1. Between the stretch 48-75 and the stretch 244-310, what's the alpha-carbon centroid distance in Å?
2. Is the shape of the chain best called rounded, prolate or oblate, per the rule: a/c under 1.5 gives rounded, else a/b larger than b/c gives prolate, else oblate, with a ≥ b ≥ c the square roots of the Cα gyration tensor eigenvalues?
3. All other residues with a Cβ under 11 Å from the Cβ of PHE20 taken together, and with Lys, Arg as +1 and Asp, Glu as -1, what is their net charge?
4. Would you pull out the residues with amide H under 5 Å of ALA110's amide H, same chain only if 5 or more places away, H placed 1.01 Å from N?
5. Using a 1.4 Å probe, what is the accessible area per residue for the stretch 249-313, in Å²?
6. Just name one of PRO211, LEU115, TYR62: the one whose Cα is farthest towards the positive end of the charge dipole of the chain (beta-carbon charges, Lys/Arg +1, Asp/Glu -1).
7. Between ASN303 and ASP280, what length in nm is gained on full extension when 0.36 nm per residue of separation is reduced by their alpha carbon distance?
8. Ratio of the stretch 4-84's C-alpha Rg to 2.2 N^0.38 Å, to two decimals?
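The values are calculated or read from the model by the stated rules, or taken from the named source; none is laboratory data. What you are looking at is a predicted structure, and each value in this text was computed from that prediction instead of being measured. Note: ideal-geometry Cβ built from the backbone for every residue, glycine included; neighbour counts use all protein chains shown. Areas reflect the complete protein model, heavy atoms only, side chains present, ligands, DNA and RNA absent. Shrake-Rupley method; radii C 1.70, N 1.55, O 1.52, S 1.80 Å.
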Amino acid sequence: MLDSDSKIWLESCFKKNVRFDESMSSHTSLRVGGAADAFVMPEKPEELVELIKWSRQRDIPYIVIGDGTNLLVKDRGIRGIVVVLTKCLKSITKRGMGRDGIIVTALAGARMQALCSFAIKNGLKGMNFAIGIPGTVGGGIMMNAGTVYGSIKGVLDSIKILLPAGHTKIIMRENLNFDYRKLSLKDEVKEVNQGQPVILGACFCLHPSDPQKLKRDAEEILKARKERQPTGLPSAGCFFKNPLSGKTAGELIDLAGLKGKSIGGAETSLKHANFIINRDRASAADILALIELVQETVAKKFNINLEPEVKIVGQ
Ligand SMILES: Cc1cc2nc3c(=O)[nH]c(=O)nc-3n(C[C@H](O)[C@H](O)[C@H](O)COP(=O)(O)OP(=O)(O)OC[C@H]3O[C@@H](n4cnc5c(N)ncnc54)[C@H](O)[C@@H]3O)c2cc1C
C-alpha cells in the first residue's frame, strides 16, 4: 500500500518514531491483530498536522488511535497509517473558572487515569466516574467512555479537533453529537469528505471538592470494578453495548448459555460474560467467530441484536 517515496518521506520526518509493518497486537489491549503498513508516533503537534495533511493529499488512509483498549484489529492488519498521540499531546492543566465550573484542559494523548488523578489531587469533582477506565483522553471522548456513574459527555465543556485539511476547530459541548459510547464527528468532514477528524484535546468542567473524600470514593470504585471484572487477561472491556432497556448484554450472554464459551483462544469471561478475553493466543478470527456466535444465539433466543461497543478495524 505504501510506495517507496512515501516510506522515505515518513522516515525522513519521523525517524525512530515510524515503524513499518508493525504488529497491532502490541498496541491493542486484546493483543491480537495483523500489521499496520506504518505506525507513526509524532512528537510535536506540528508533526501531527503535517502528517495528516500529507496523508490526505496523497490519498493514504490513516487512523488515529489512543491506547487501543477499545479496538479489535483484524488478522490481515491495517492498510495505511496508524497514528498515535501519546508522545505529543500529553499535558493536563488547570485553567480557572469557566462558564459553570473550573476548567481543566487535557490533551488527547494524556491517559484518562492521569486526568482522574489530576482532578483528585487538585480537589476537583467530576472525573471519578472514569476511575479505572483505561486508555487516552482522545479515545475516551471518541467512545463517550463511561460507567454507571456517568460518561465523558457529562463533564465536557468543549473539544478541539484537527480537520483533515489541516485546520483546527473548537466545538462547544452543546454542538457535540454524543450517543451511548459514541461521538459522531461526521458533520465536521462533510465538505472534505475524506479522512477522520483528530481530537487534539478537550476542556473539562469540574467542581471544587475535598481531595481526601474524592480519593476515598475513587478507591471504592476501583475495588468494586476489580471484584466485577476479569483482570490479568487481555480484553477490550465490555465487548457489546447494553440494550437501551431490560437486561444487560452480559446477562443476555449468560442466559443464552454462552458464559465461558470459547472458540480457539477467545472466550467469554466466566466472571463477566460481556468481556471477551484472549485466553490463549487467540486470533482476531477466533474473536470474530465468537462474536458472531453470541450475536446469532442472543438474536434467536431473545430477538435482540447485540451491537459491538469495541471498534473493529482492518482487514
Ligand atoms: C479492562 C478494560 C476495562 C474497560 N472499562 C471500560 C469502562 O468501564 N467504560 C468504558 O466506556 N470503556 C471501558 N473500556 C474500553 C476503553 O478503555 C475505552 O473505550 C477507552 O476510552 C478507549 O480509549 P483508547 O485510548 O484506548 O482508544 P482506542 O481504543 O485507541 O480508540 C477507540 C476509538 O477512538 C478513536 N480515537 C482514539 N483517539 C482518537 C483521537 N485522538 N482522535 C480521533 N479518534 C480517536 C479510534 O480511532 C477508535 O475508533 C475498557 C477497556 C478495558 C481493556
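1. Cα centres, the stretch 48-75 to the stretch 244-310: 28 Å.
2. Note, shape of the chain comes out oblate.
3. Local net charge: -2.
4. Amide H to amide H, under 5 Å and 5 or more residues apart or across chains, ALA110 pairs with VAL137, GLY138.
5. Working: 3160 Å² over 65 residues.
On a per-residue basis, 49 Å².
6. Toward the positive end, the furthest listed residue is PRO211.
7. Extra length available between ASN303 and ASP280 comes to 5.1 nm.
8. That ratio works out to 1.04.
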